[in-house]
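See structure below.
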Amino acid sequence: MPEPSADAEGLLLKIGLILPVIGVILIVIAYWNASGSKYVADQVPMLISGGILGIGLAIIGVGLFIRFSLARLLRFWLARMVVEQQTQTDRVVEALGRIEAKLDK
């Protein structure tokens, strides 16, 4: 399994943090523009364009952030499990060596 590029992962994690912020800003701008209009026919397109785009960016950003955060966490967990398993194997081999030495006496 190839090692993931740390630069690309870091970039996507940062994008995952930035996109929800941009999405919320777009939602606020859409609300601000729509609240200044008297007519509902003018408000709806502003809310739809800014609101839906903002929600979409926020969802994509949160998805990216969760995906790469979980990937990092699971890689750390797997590496930790390998180290613990190796330590346990070393202890078992050492104990078997002591048992074998006592049986040879």
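Annotations for the structure displayed:
- Ellipticity estimate at 222 nm from DSSP helix runs (n ≥ 4, -39,500 (n - 2.57)) divided over the chain, nearest 500: -34000 deg cm²/dmol
- Per-residue 3J(HN,Hα) values for the stretch 61-76, derived from phi via the Karplus relation 6.51 cos²θ - 1.76 cosθ + 1.60 with θ = phi - 60°, read x, 5, x, 4, 4, 5, 4, 7, 5, 5, 4, 5, 5, 5, 5, 4 Hz in sequence order (x marks Gly and Pro).
- Annotation: per residue accessible area for the chain equals 81 Å², rounded to a whole number [probe 1.4 Å, protein chains only].
- Tilt relative to the chain, helix 6-35 - C-alpha long axis, 0 to 90 degrees, to 10: 20 degrees
- Debye intensity ratio in log₁₀ form over the Cα atoms of the stretch 39-82, taken at each q of 0.15, 0.16, 0.19, 0.25 Å⁻¹: -0.55, -0.58, -0.66, -0.81
- Heavy-atom accessible surface of the chain: percent carbon and sulfur, 1.4 Å: 72 percent
- Magnitude of the charge dipole for the chain, about its Cα centre and with charges confined to Cβ atoms of Lys, Arg (+1) and Asp, Glu (-1), is about 220 debye.
- The simple spin-label model puts a point 7 Å past each Cα toward its Cβ; for W32 and K102 those points are separated by 7.7 nm.
- Whole-number D in µm² s⁻¹ for the chain, Kirkwood Cα-pair radius fed into Stokes-Einstein, 4 °C, 1.567 mPa s: 71 µm²/s
The values are calculated or read from the model by the stated rules, or taken from the named source; none is laboratory data. These numbers come from a predicted model, not from an experiment. Because the Cβ atoms are built from the backbone with ideal geometry, glycine has one as well, and the counts that use them run over all protein chains shown. These area figures cover heavy atoms from the full protein model, side chains too; ligands, DNA and RNA do not enter into them. Shrake-Rupley method; radii C 1.70, N 1.55, O 1.52, S 1.80 Å.
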